[in-house]
1. Quick one: how many residues across the stretch E:104-138 are touching a Leu at 6+ places or on another chain (Cβ under 9 Å) and either within 14 Å of chain D (Cβ to nearest Cβ) or among the charged types (D, E, K, R) (or both)?
2. For the stretch E:100-125, what are the residues that are without any contact (Cβ under 8 Å) to a residue 60 or more places away in the chain and crowded, with 24+ Cβ neighbours inside 10 Å?
3. Given the options B:GLY52, B:GLY36, B:GLY17, B:GLY30, name the one that is open to solvent by less than 20 Å² (accessible area, probe 1.4 Å), under 11 Å from the mean Cα position of the chain (by Cα) and not acidic (Asp, Glu).
4. Residues that are under 22 Å from E:PRO40 (Cβ atoms), open to solvent by less than 10 Å² (accessible area, probe 1.4 Å) and touching a residue at least 60 places away in the same chain (Cβ under 8 Å): find the strands (runs of 3 or more DSSP E) completely inside the stretch D:65-159 holding 1 or more of those.
5. For the stretch E:20-59, how many residues meet the condition of being within 11 Å of another protein chain (Cβ to nearest Cβ) and either modelled with pLDDT of 90 or more or open to solvent by less than 80 Å² (accessible area, probe 1.4 Å) (or both)?
6. So which residues in the stretch B:64-80 are in contact with a helix residue (DSSP H, G or I) (Cβ under 6 Å, 6 or more places away or on another chain) and either closer than 21 Å to B:VAL198 by Cβ or of a type in the set (Ser, Thr, Tyr) (or both), if there are any at all?
7. Any residue in the stretch D:208-226 that is assigned to a helix (DSSP H, G or I) and within 21 Å of the chain's Cα centre (by Cα)?
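The values are calculated or read from the model by the stated rules, or taken from the named source; none is laboratory data. Just so it is clear, the structure is predicted and the values come from calculations on it, not from any experiment. Virtual Cβ from ideal backbone geometry, glycine too; neighbours counted across all protein chains shown. Accessible surface areas use protein heavy atoms only, side chains included; no ligands, DNA or RNA. Shrake-Rupley method; radii C 1.70, N 1.55, O 1.52, S 1.80 Å.
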Amino acid sequence: MEPVLQVDSLSKRFGSIVALERVSFALEAGTILGLIGPNGSGKTTLLNTLNGLYRPDSGEIRYLGRPTRNLRPHQLALLGISRTFQNARVFHTLTVTQNMLVPLVHARVHSAEAQERARQLLTFVGLERYQALPASELSGGQQKLLEFARALMTEPRLVLMDEPFGGVHPEIKALLLERIREAQQERQVSFIIVSHEIPDLLSLARTIICMSYGRIIARGSPQEVSEHPDVIAAYLGHAGGQAQIQTSPSSPVSSSSYFEQAGGHPS
Amino acid sequence: MLTTVSLSLLVQALVNGLLLGLVYTLISLGLSLTLGIMGVVNVAHSTLIMLGSYLALELLQRLGLDPIISAVIAVPVFFLIGVLLERLLISRVARTSQTTGLLVLFGVLVVIEGAAILRWTTDTQVLSVSYTNTSLTLDGIAIAVPRLIAAAIALVLVLLLDTFLRSTLYGKAIRAMSQNLDAARISGIDTDRLSLLVFGLATATAGVGGVTLAMIFPFDPQDHYRWLAWAFLVVVIGGLGSIRNTLLAGLLIGLIETLSSVLFPFQYVYFIVYLLLVVALLVRGQGLAGSQSRAL
Amino acid sequence: MMRHAADVPAGSGAPSPNGLASNANAGLSMRGVTAGYYSHDLVLNNVSLNARPGKVTVLLGPNGSGKSTALRVLYGLLRPRSGQILLDGREITTVPPQRRLALGMALLPQGRSVFPELTVQENLEIGGWLLARDRRRLAAALEGVYARYPSLKEWRQKQAGSLSGGQQRLVEIGRMMVADPRVILIDEPSVGLAPVIVDQVYEEIARLKEEQRTILLVDQNVRAAVALADYIYTLEYGRNNLEGERGAFEDRLEALIKSWLRF
Amino acid sequence: MKSFRLFVTTTVLLVLILTGCSAAQNAGSSTSSSNGLPPAGQPIVIGGTLGLTGAYAGPSADYKATYDYWLQQVNSHGGLLGHPVKMIIYDDESNPATAQSLYQRLIHQDKVNLLLSPYTTAIGGAVLPIAAANHMILWNGGFVGIKLFKSSQWMIGSYTYQEPDYSRGVFEMIDSLPASERPTRVGIVTEQNPFTLAVRDGYQGQGGVINFAKQRGMQIVLNEEYPPTATDVSGLIQRAKAAKVDLFFALSLPNPAALIARTAYSLGFKPKIYCACGSLVTSLPYWAQLGPAGEGIFSTAMAVPSDNYDGINDLFTMLQRVRHETVFSQYAAVAMTILQVMQQAVEGARTLDQQQLRAYVLSHRFNTVNGPLTFDQYGMPRYNAVLVQYLNGKNEVVWPPSRATAKPQLQ
Amino acid sequence: MSSALLERATARTRWRSWLYRGLGAAAAVGLLAVLGVLIPLDWVTTLSAVYMYIVLAEGWNILGGYAGYLNFGMVTFFGVGAYTAGVLCTQYNVHPLLTIPLAGIMATVAALLVGVPALRLRGVYFAILTLIISFLTQVLVTNLDITGGASGIYMPSLPFDPFTNEQIFYYAFLGLMLLAVLLAFIIEHSRFGYALVAIREDEDPAEILGVRTTWLKTQALLLGAFLAGVAGAIYAFHTSYIEPQGTFSLDISIDVVLMSLVGGLGTWQGPVIGVPLMLVTAQVLRILAGELPFFGSTLPPEFDRVVFGIILILVALLAPYGVMGLVRRVRGRRLTV
């Protein structure tokens, strides 16, 4: 089966910081790829590069066999890549339904049909009761659900999800998990899901990639990755090496604080 | 379209341009400060300049004070006005959207303008003291004394401000605040009070600028918009956050204006200047927006 | 020993069984804090912590568990919806961040926080802002920092923005140390830094610990943080989860990580 | 439901307000006789607008002061034909669109009997069609505009010369000089404004600085325009200086006129003759403040106190008292003139009928602060201007010799 | 109540509320149409100005209100429209009625020229750029021969009596206003409008979700410019004389922004409320000035400006979302209680 997404040797630097270093992987249609790694390991950068927000320094991305290098985010969206965000980014003054309709602004879909699609998807994620409410009235978890439903509006082939479960109430999390699975199985949508919690991915992803310092350090089944020593090491961090900050042997700064003399009390 | 010009004409234009450029710098300093450091688009800036001109007029007519002395007096007076404006209005909208700030400051503009008309009517005013109509002549090049004085005042202010921002701890704290507000706050800097100081200083330079303009140009309560346009031009071309860049941009624009006014038909001068501003904004606008979002 | 937050009576000031109850008022503590950024989310839900004087207290937890928010609340950058912040028993909940330094507190924030267009020297001078009225003491404090970190002296005329990430981190530490704080809050010191620099940063934290400063460290670099810790808290979904002495955690780190990874 | 109720409420309110308006209006206009005079005891209403704020506020203030002065005088002398006079002057904010709506109001709401023009061509040009369409004379003390006069039957003016003749006096004075003293190199800087452009170009090949100069074989070495918002004119002056201009025309509105004079002075530009032949600027209060920069500059004027025309000195006294003016304002003169013409016409024709008033004006002679006036078929007064030179802080008449108070002094 | 029943019930009330709204709108239009022959002529003129500014404000609102890009140079398109009508009519003898749509098209072309570069900028810099471009256009028009330069253009006047004349323009502006309000209403309730709001709230995610933000913003500008151009053309015939100072006056740009802000940004009702509020207040202050006592003298005419400025400041401080913001706040409170 032809992969939905083929990433070859992708690199991206911001100044002196290496955000992505020769990242390669492929994603088969209708599968879910889990992406884990400590803070700052380059997961979000990878997503941003995949949907065209950043242009890679080198390497290639092929979506459905087509190079995406020069495509803008909205073009990729129209081709079927959609996205959710680490902190839900819904449009607060728009109602829930209006939020759903934003991605269809250029679509040649009749208004009634668009409305109907929005209603179905909102029902799908259990938000149908809130259709007419401004999105700002939703709780954080509900906003994540809305984002997910909104990402499905364009009937995408690939959905990139950044920390969909972060800070979400377990109840909503369970619903979200189930809906992602359904979307994958029934609509043949592929997902790349960034998450901290492997068990969340366990039931979803066949493959998990762990990143650290911009590189892929492990890939395999959830079981394999979570037991991979490099992964555990990456999450543990290192306990300090030999290198020393150039310091003098004794500290001339007295430990008695001048503040005690200078005063400065809270009012 | 180009006309042939003699060398002396060019030299005279050069001299005029430098002097004019310093005047432009002077009226732009305040805008550069508020925009660069606080991210406040002070559209009321030019009405403050206009108030400075009337301060000079009142002090001359009532007390016979020389405008040079008025320029000194303007510093504390306008500093106080700036502090009041900041405390009463700006600080209230500083954390809301920039458009709200724009609206408030536009309201300030309208109120100041209307109040000035009530007080001074719309009559054109001209300030005259012994030196306003004198000029020096060097090798056929005439230099108007009031412009020379204005240029000197501008230079002194530029020097003082630049030294203040670069060499004093307060100045450094102000620059620090513009670069990273949160880091400044956790370093113990009371950024609210510094904003007060910055707005006060910016308003003080507007006041001095107004006094100085009055020595050279006729004024009335309503013709200040042209100075606002000019100040924006200087700030946008110079970029934010540096007094020296403001100075360079001011000189550049002064020179462009006077040189193009001897090279092209005069009616096209402003077309050229506005076009330049459009280009500058397009080239620098994104950069400006970027540096500002960093500051906030 | 390690305890579960569920064992502690809800809403209590979390007097721990480690004798902390006897000096519950010392150090920096947070009592029953609830906080969030927008109207509907609760990033912290009734969280209580205590950083004991002269000790290193480490706050661990998976992403999004509210660690950094806890630090922001402790330093006054975010006002809690309910609950209190106490420093040596005095309530400082509403003291704005710019006044915290004068109380002997300091915060080393996550990510870049140097003033990029100021020189290193100027950055340090900003760190000595509270001494502005006393030039001699400011100079002495700067000299102290330069003696402590000689490389800063080498870079003193350079623009901070032109330094590498690791060098900037040192400038930030130096800037914080000008004020010689007693209570130091450190937020994710290793994020975005190369591994070799990270080691240096922990060396420095170790030295701060030796100097008997009170340290509250929020870190995802679990092993390094635990190595420095005297006492450890973990958060989950914005609530207190586990807490205990280092010893209780040390051998079970992998288990802890796996519990976050859920294995 | 809610929106419906809201709508009904607003509708009812609107209708109430508007019927209230029209009722009031009907009450005011219930009676009028054939000669258009109100019933005995009812006031004759005169209305107009002025740019009391905005770009034209300076001159407008002189108009307002003069209107007030005349009104007070005429009412203290028993009014017009025994009727008290009421005057409504709105602020048009120097904005033609605002002026248009206010003139509609004056005509249809306030039911004014006599219509005064606003100040300056840009505004007046916009309201003239309204006056004409309503068959009302625009008593025009506010602006010149030969084109407008010639195209309309509904204007009576009080400026004793139109744009093409603004510079006529200067050239006639030059004609009287010995050939060797006549300037030959003409420089013109013109503000981009309909009125000043007409001063330069004339009308249908008649008049205008350019035509006058060409007729005399003078060479035009500089001809530049500048926008009203110009900040610095040193480039213009430099060019004039470099072109060795000895007859310099600054065709300006008040604000830039001062800037040009001052810049010319400080850059050492001293043409033989410098004429500020745009607005009547040397008669404005600020001109005195220019000091030496304003000295020696020529300008044209219509009436000066030395003429001792009817009432001119009383008017000047009033201005000195109310406006603290040291120089006699030409705006006050034309404002007073149009009121005097209007007053004499109404009293002479004993009617407010606009057609009859116009016929009366065109066939009679009027005594005004602007001298004795007669009118041509277009409602324009015959040419009657003087050339003044600002000498030792005073406007001296230097041409024509019959009215002169001093000899012209060439630089 | 079962959910199906509930749904049917809500559907019926929704249908009924739409009916009332439609009736209300029809009645309002009818009333305004009747006003044209009922009220005194000066109010006809004043209302014409109100309608014209509503058109400008609705046009401005599409980009400025919904998408949050503050255009401080709306007068550029208004002026281009006025001058297109003037030039075509007087220089090329194009039939006046034909010049009006052509004016809209020329203004749209101008918007394309302005928008493509300008819409790369965000926030205040976009605002300043549009302002400067309006200055630039003014200078250009002042110096072109075809526009009559500073002398301007005298427009042919309609061969009717003054009443008919004013009424014709009253209905012209009324019709255009209804069109503009309808357009705004449709936009506000369309995907296009939602996407514009999305741009205002968070532009990057909007783009990532598939919104061609640049093109949408350009479209918004073009629509507004077309309305302004048509309004400018009608204005030119109404005022019968156009010249660059007044036609490209900064005041028009700023008034449009302020009226929209006072009414409430990003709602079709905003301009409908804000414009009459500001214009009628201004007209009343203007008429009252000189009659009301003020410190022993009469109220000076400049006083209305000061009052205006104070109103502005208060609106910004107390009701940053305009009158509609207040309305929504009150409604919201009623909803939640």
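1. The number of residues fulfilling the criteria is 7.
2. Of everything in the stretch E:100-125, just one residue is without any contact (Cβ under 8 Å) to a residue 60 or more places away in the chain and crowded, with 24+ Cβ neighbours inside 10 Å, namely E:ALA118.
3. B:GLY30
4. D:114-116
5. Residues meeting the conditions: 26.
6. B:SER70, B:ALA71, B:ALA74, B:VAL75, B:PHE78, B:PHE79
7. The answer is yes; a qualifying residue exists.
Yes/no matrix, rows are residues, columns are (1) assigned to a loop (DSSP other than H, G, I, E, B); (2) at pLDDT 90 or above; (3) of a type in the set (A, V, I, L, M); (4) closer than 23 Å to C:SER259 by Cβ:
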| position | (1), (2), (3), (4) |
| --- | --- |
| A:GLU147 | no, yes, no, no |
| A:ALA174 | no, no, yes, yes |
| A:GLU182 | no, yes, no, no |
| A:ILE193 | no, yes, yes, yes |
| A:HIS196 | yes, no, no, yes |
| A:ASP200 | no, no, no, yes |
